[in-house]
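First up is the structure itself, then whatever we jot down about it.
Laboratory data are not the source of any read-out in this text; all were calculated from the coordinates shown. Note that the structure is a prediction, hence the values are computed from the model and not measured. Here the Cβ positions follow ideal geometry from the backbone for every residue, glycine too, while neighbour counts run over all protein chains shown.
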Amino acid sequence: MSNSQEYDQFVELLRPVQKQLYHFARALTDGYDEACDLVGATLLGALENYNGTFAPATFKSYLFTIAVRIQRRKKKRRRFFVPLDAEHIATERCNLTPPDETADVQALYKALNKLPEKQREALALFELTGLSLKEIQKIQGGSLSGVKSRITRGRVGLAELLGVKAEGGKSIESTQSASTLTSFQSAHVGN
């Protein structure tokens, strides 16, 4: 039997039970859209496994069995997800970077990746995650002055990589590199 003949036979078997399948799916689900999704998934599964050997009397139970199994699988998976209410969604802050900052953030990532590993790590821990110097010392090891040196060297190196020059005698930490880090931190850490 060819694919088009099997498809035609499938459609002929489906016509008398199509409304019953929808009503059954509607009874199993919470709404119209979910019922339509269940019917679609059921028909897809049935058509993919259809081999042309079903009698009209067994086809209905075949479809309903598929629908029940799909719905049970969805219910099992649903317990791993937490529904969000409208109030939570409205208060949730979007963590996407605004388009005008995307190029700056990409440049910052590239520059950070060019720093030595210990400096990059210390700078990210201090500036982006807000850890204290003592906490960074526990993570990285070494002395407290070593942590301070890595952060300072990381800031200077980052400023050089980004092409930032000290203005009017101000230190590198108080110029653009610090403001770039601050905007990067607010965009990615969500402070």
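Full extension of the chain segment joining Ser61 with Lys114 gains 12.7 nm, where the gain is 0.36 nm per residue of separation less the Cα-Cα distance. Measuring nothing but how far apart in sequence close Cα pairs (under 8 Å, 6+ apart) lie, relative to its length, segment 3-78 scores a relative contact order of 36 percent. Cross-link partners of Lys60 among lysines, defined as those whose alpha carbon lies under 26 angstrom from its own and excluding same-chain residues fewer than eight positions apart: Lys19, Lys74, Lys75, Lys76. With a Förster radius of 41 Å applied to the beta-carbon distance between Phe81 and Ser145, the computed FRET efficiency rounds to 0.25.
Each of the peptides 44-53, 75-84 was scored by the mean count of other Cβ atoms within 10 Å over its residues; in descending order, highest first, they stand as 44-53, 75-84.
Only lysines eight or more places from Lys165 in sequence, or on another chain, were considered; those with a Cα closer than 23 Å are Lys110, Lys114, Lys148. Taking Cα centre as origin and charging only the Cβ of basic (Lys, Arg, +1) and acidic (Asp, Glu, -1) residues, the dipole magnitude of segment 1-152 rounds to 800 debye. Charged neighbours of Tyr50, selected by a Cβ distance under 15 Å, balance to -2 (K, R count +1; D, E count -1).
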